[in-house]
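Here is the structure we will look at.
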Amino acid sequence: MLAALLLLVLIGLVILYSTSAYNGEVKFHDSFYYLKKQAFATVLGVAGMFFVANMDYHVWKHVAVLGYFTAILLSVAVIFVGDEYNGSKRWLSLGPFSFQPSEFAKVAVILFLAHIITKNVKSMGKMRTMVKVMILILPIVGLVGASNLSTAIIILGIGVILVFVASPKYSQFILMGALGAGFMTIFLALESYRLERLAIWRNPEEFEKGYQTLQGLYAIGSGGLFGRGLGESVQKLGFVPEAQNDMIFSIVCEELGLFGAGFILILFLILIWRFFVIATHAKDLFGALIAAGAMGHMMIQVILNIAVVTNTIPNTGITLPFISYGGTSVVFLLLEMGLVLSVSSLIE
């Protein structure tokens, strides 16, 4: 797991520099601008990961509820005093630093649900308990979803996966799926721009906002089997807007081709597989749920990002773990990996 993870982090930094050098030069007169910020966050995250990995993960039981309520307070703060970039209010500033509370919320929800489910494990087969557990995370889903629908979907998905892992019965999940579909339908209908995204997804060539999707698809198509070569992308030269963010996988396909993109996907699959192995061999249920939560988070986020880039689903603005630019994302992802390593270290 650690080998696949560190390889992904290193590949991510190389790809990020290749993708962001042009934008960094144009906007900040420094082709290393994005790389320096990401490298700083990565070093911070790796140090935090090893620190957390060497702790007994049972310690987090005592702060799980506090962490969850902190995530709610930070999400409320974003609504009132958050910073807005590219039309989205998702950031909080603390002096010279800014971060996305939604990234902290993902880790907080995994620990919170692992703690709550462990306490109620004997009654997890009852529908009442399952609904109660899911209702507990709806406040954070609603608050995060107000500005970041994709992260709200991830948090909801993590919740469903953890309840599914702990529940001895499967029939309730049909009802839960129906309730989830109803919730998502209402949520989409509340804002007109979300319905507009559905129209853009169906016919991107008919809308001005479909430009990014089309350019991303051109990048993927022009990569072929082996790509143009690292650093040789044409689409990153302003054609794919903010290429280093959500659409970075399209540049990976253009520069490294099907084989390069496939290799990165294999690394993600190895990572997810190791989470599964750790979850099945964990010393106790709390540890198993932490590993399962991380597995669900990684799986959902990777699938959603690649589905958006290939226009399989509407654009939701979601990053590719360890590859896309985002300091907060990489720090909290690495801390989450530290939690899984901590669970793994106690397996005999």
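Quick notes on this one:
- Condition met for Phe268 (touching a helix residue (DSSP H, G or I) at 6+ places or on another chain (Cβ under 6 Å) and among the aromatic types (Phe, Trp, Tyr)): yes
- Taking the criterion of being surrounded by fewer than 18 Cβ atoms within 10 Å (Cβ to Cβ) and either on the phi < 0 side of the Ramachandran plot or in contact with a strand residue (DSSP E or B) (Cβ under 6 Å, 6 or more places away or on another chain) (or both), the residues of the stretch 28-41 that qualify are Phe28, Asp30, Ser31, Phe32, Tyr33, Lys36, Lys37, Ala39, Phe40.
This table checks each residue for (1) more than 30 Å from Ser233 (Cα to Cα); (2) of a type in the set (Ser, Thr, Tyr); (3) open to solvent by less than 60 Å² (accessible area, probe 1.4 Å).
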position	(1), (2), (3)
Ala3	no, no, no
Leu7	no, no, no
Asp56	yes, no, no
Tyr68	yes, yes, yes
Phe112	yes, no, yes
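- Matching strands (runs of 3 or more DSSP E) fully within the stretch 77-133 where at least 3 residues are more than 19 Å from Asp246 (Cα to Cα): 88-94
- Screening Gly24 on (1) at pLDDT below 95; (2) within 22 Å of the chain's Cα centre (by Cα) shows it passes everything except condition (2).
- Of everything in the stretch 145-176 that is part of a helix (DSSP H, G or I) and among the aromatic types (Phe, Trp, Tyr), the residue that is most open to solvent (accessible area, probe 1.4 Å) is Phe164.
- Residue in the stretch 18-27 that is aromatic (Phe, Trp, Tyr), out of contact with any Lys or Arg (no Cβ under 9 Å at 6 or more places or on another chain) and either open to solvent by 10 Å² or more (accessible area, probe 1.4 Å) or within 19 Å of Ile290 (Cβ to Cβ) (or both) present: no
- Verdict on Lys236 being modelled with pLDDT of 90 or more, more than 21 Å from Leu113 (Cβ to Cβ) and surrounded by 13 or more Cβ atoms within 10 Å (Cβ to Cβ): yes
The values are calculated or read from the model by the stated rules, or taken from the named source; none is laboratory data. Predicted, not measured: the structure shown is a model, and the values here were computed from it. Don't worry about glycine lacking a Cβ; one is built from the backbone with ideal geometry, like all the others, and counts go over all protein chains shown. Each accessible area value is taken on the protein alone, full model and side chains, heavy atoms only, with ligands, DNA and RNA left out. Shrake-Rupley method; radii C 1.70, N 1.55, O 1.52, S 1.80 Å.
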